[in-house]
1. Considering each of SER324, SER328 in turn, give the residue that is within 27 Å of LEU245 (Cβ to Cβ) and either assigned to a loop (DSSP other than H, G, I, E, B) or touching a Cys at 6+ places or on another chain (Cβ under 9 Å) (or both).
2. Being in contact (Cβ under 8 Å) with a residue 60 or more places away in the chain and in a helix (DSSP H, G or I) is the filter; apply it to region 43-62 and report the residue that is surrounded by the fewest Cβ atoms within 10 Å (Cβ to Cβ).
3. In region 289-321, how many are within 28 Å of the chain's Cα centre (by Cα) and assigned to a loop (DSSP other than H, G, I, E, B)?
4. Just to verify a result, which residue in region 95-136, among those that are of a type in the set (Lys, Arg) and free of Cβ contacts under 8 Å to residues at least 60 places away in the same chain, is surrounded by the most Cβ atoms within 10 Å (Cβ to Cβ)?
5. Would you please name the residue that is modelled with the highest pLDDT, looking only at residues in region 60-119 that are over 19 Å from GLY34 (Cβ atoms) and of a type in the set (Lys, Arg)?
6. Return the total of residues in region 37-78 being small (Gly, Ala, Ser) and more than 30 Å from LEU207 (Cβ to Cβ).
7. Of all residues in region 3-28 being of a type outside the set (A, V, I, L, M, F, W, C) and over 13 Å from GLY48 (Cα atoms), which is surrounded by the fewest Cβ atoms within 10 Å (Cβ to Cβ)?
8. Here is a list of conditions, (1) of a type outside the set (Phe, Trp, Tyr); (2) on the phi > 0 side of the Ramachandran plot; (3) in contact (Cβ under 8 Å) with a residue 40 or more places away in the chain, and VAL31 meets all of them except one; can you say which number that is?
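The values are calculated or read from the model by the stated rules, or taken from the named source; none is laboratory data. What you see is a predicted model, and the numbers here were worked out from it, not measured in a lab. Backbone-built Cβ (ideal geometry, glycine too); neighbour counts: all protein chains shown.
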Amino acid sequence: MKNIRYQRHYQLKGFGEINQQKLAKAKVLIVGAGGLGTPAAQYLNGMGIGTIGLIDWDSIEISNLPRQTLFRPKDVGKLKVSILARRLQEQNTENKKIAYLEYLTRENALTIIAQYDLVIDASDNFGTRYLINDACVILGKPFIYGAVHAFEGQISVLNYRNGPTYRCLFPEQEQLSTIPNCNENGVLSVLPGLIGTYQAVEAVKVLTQTGEPLAGKLLIIDGLSQTHLKINFSLKPENQNIKQLKALYGLPTCSKQIRSLALGKETLIQWLKERKKIEIIDVRTSQEFEQNKLPRAKNIPFQEIEIRHVEIEGKLPVVVVCQSGKRSTIAAEQLLVIKPHWVIYNLEGGLNSLDAVFASVMKNT
């Protein structure tokens, strides 16, 4: 018996009941519950996607409300995924929603994505996009890329039927320290709604094999001039040869929840003198570490932090250090992506800030 809820789909030539049944059986994972994820989730949920997974660990801020319109002022401070899942349930009770109260990381990406037919990339940073790409290539899953910046938006269908991937479109990953913070860039609030809706359209086309998905094509929308530019790009075969995830990807740079606490040199020295119970993680190379090291410090090189974080207990405050403070800043925030409930400090200025005091600390502790 036909569900009258989807009557307009049944009447749509070239779509019909068969494709509606495909949607009912489909499983879609949406990575990110912000400006792109909320409209994509809203329309896919309304259209009757059988299972919708939502993964994010960010909380709602008042500055989110102009572009993330499913959230209300009373929701500020609450987790986006929890509120979004509730709103979707109110919208459509006939399908399944799965909320993952965490960030997508190297550790969980393959396990989670393997359960879905398609991924909506609604993330807001380069690192997560490369992680989604690599996991989808390994698992043979298509994903819908979307991004917004200022007055411009982009959409593409990637890794579809052995087609081009994100690395074919953007071959080189930006240095983590140069990735811009979306809290600073700004975006016209209606634009994420438009791009997120386009992502939902492309997802439906892929799932039902209807129309011509944007595979091998990047659609660029300029909101100021209201122009649409479609650029073709080709598959680079080497980008399909990914067999395992990299040791380190970037960070969700827009969440204030993943900012480590700054620790001044005076406080650290005092803690060492008092023998305060802390875990010190030195992310320099092993060679640097052997040349000069803080008392009780454990060496986990920066490139290995995402794999070897299991060696950190996390029951005590964790102090991350390096020579200048740059590597430790990124490493501390990477740890917070994986373990958001840990108390993690980053030594400001690194070991360089200790100067002559460093020798006395070594002698007196």
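1. SER328
2. The qualifying residue surrounded by the fewest Cβ atoms within 10 Å (Cβ to Cβ) is TYR43.
3. Counting residues in region 289-321 that are within 28 Å of the chain's Cα centre (by Cα) and assigned to a loop (DSSP other than H, G, I, E, B) gives 8.
4. My answer is ARG129.
5. Top of the filtered list is LYS96.
6. So the count comes out to 3.
7. Applying the filter and picking the extreme gives LYS13.
8. (2)
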